[in-house]
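Novice: Sharing a structure with you now.
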Amino acid sequence: MDEFTRTLLFDSAVIAQRVAELGAHISAKYPQGDVLFIGILKGSFIFLADLARAVSVECKIDFAKISSYGNSTESSGVLNVIMDVGQDVKGRNVILVDDIVDTGLTLSEYRKRVEALQPKTVETIALIDKTGRREKHVELDYYGFRIESGFVVGYGLDCDERFRNLPGIYVLS
């Protein structure tokens, strides 16, 4: 028996429409291509796959595995870089792709790390901009959906590695 109740927040059609809009916006901003997406694992992998297909310009993809949650629903406040980006970012247009910005710790700290590598530009995109618990200021260049609160899962977002495969985004209670 599932100990959580899931309430649908965004269905797959709404998500697909928003990802298409984001892809079109990025394509228009970088018509020459030359974009390096860096997905923050594990949560961003589904969003990044769909976003990359929605972008009509040439792009490259890499990943970094970063955690501040472990297997908890609360951030530990400590950034743990498990696997860093493998490609050279110097002089490149970099877009950091995250599943959710909650406290802001992960993305703000990792952005500083990438900026130190001297890219041409660094932008950020998150599927979910969750504003209610923000501890670190994060200026998102793009976001899919903005919510105030709630623990969300699905479409790559998880709770203790569960629920990533759900096609929509749900609030757990």
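Table: residues versus (1) within 23 Å of Tyr155 (Cα to Cα); (2) at pLDDT below 90; (3) touching a Lys or Arg at 6+ places or on another chain (Cβ under 9 Å); (4) part of a helix (DSSP H, G or I).
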| residue | (1), (2), (3), (4) |
| --- | --- |
| Tyr69 | yes, yes, no, no |
| Ser75 | yes, yes, yes, no |
| Gln87 | no, no, yes, no |
| Tyr110 | yes, no, no, yes |
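Novice: Could you please tell me which pairs satisfy a Cβ distance under 9 Å, a separation of 6+ or placement on different chains, a first residue in region 2-23 that is acidic (Asp, Glu), and a second residue that is open to solvent by 60 Å² or more (accessible area, probe 1.4 Å)?
Specialist: Close Cβ pairs satisfying both conditions: Asp11/Pro167.
Novice: Could you grab me the full set of residues in region 150-171 that are buried (at least 22 other Cβ atoms within 10 Å of the Cβ) and on the phi > 0 side of the Ramachandran plot?
Specialist: Hits for region 150-171 are Gly154, Tyr155, Gly156.
Novice: Among the residues of region 28-45, count how many are open to solvent by less than 10 Å² (accessible area, probe 1.4 Å), over 15 Å from Gly144 (Cβ atoms) and at pLDDT 95 or above.
Specialist: 3
Novice: Quick check on my filter: what residues within region 97-134 are within 17 Å of Leu36 (Cα to Cα), open to solvent by 50 Å² or more (accessible area, probe 1.4 Å) and not hydrophobic (A, V, I, L, M, F, W, C)?
Specialist: Correct list: Arg111, Lys112, Arg113, Glu115, Gln118, Lys120.
The values are calculated or read from the model by the stated rules, or taken from the named source; none is laboratory data. Here the structure is a predicted model, which is why all the values come from computation and not from measurement. FYI the Cβ positions are ideal-geometry reconstructions off the backbone, even for glycines, and counts take in every protein chain you see. We work out accessible area using only protein heavy atoms, side chains counted, and drop any ligands, DNA or RNA first. Shrake-Rupley method; radii C 1.70, N 1.55, O 1.52, S 1.80 Å.
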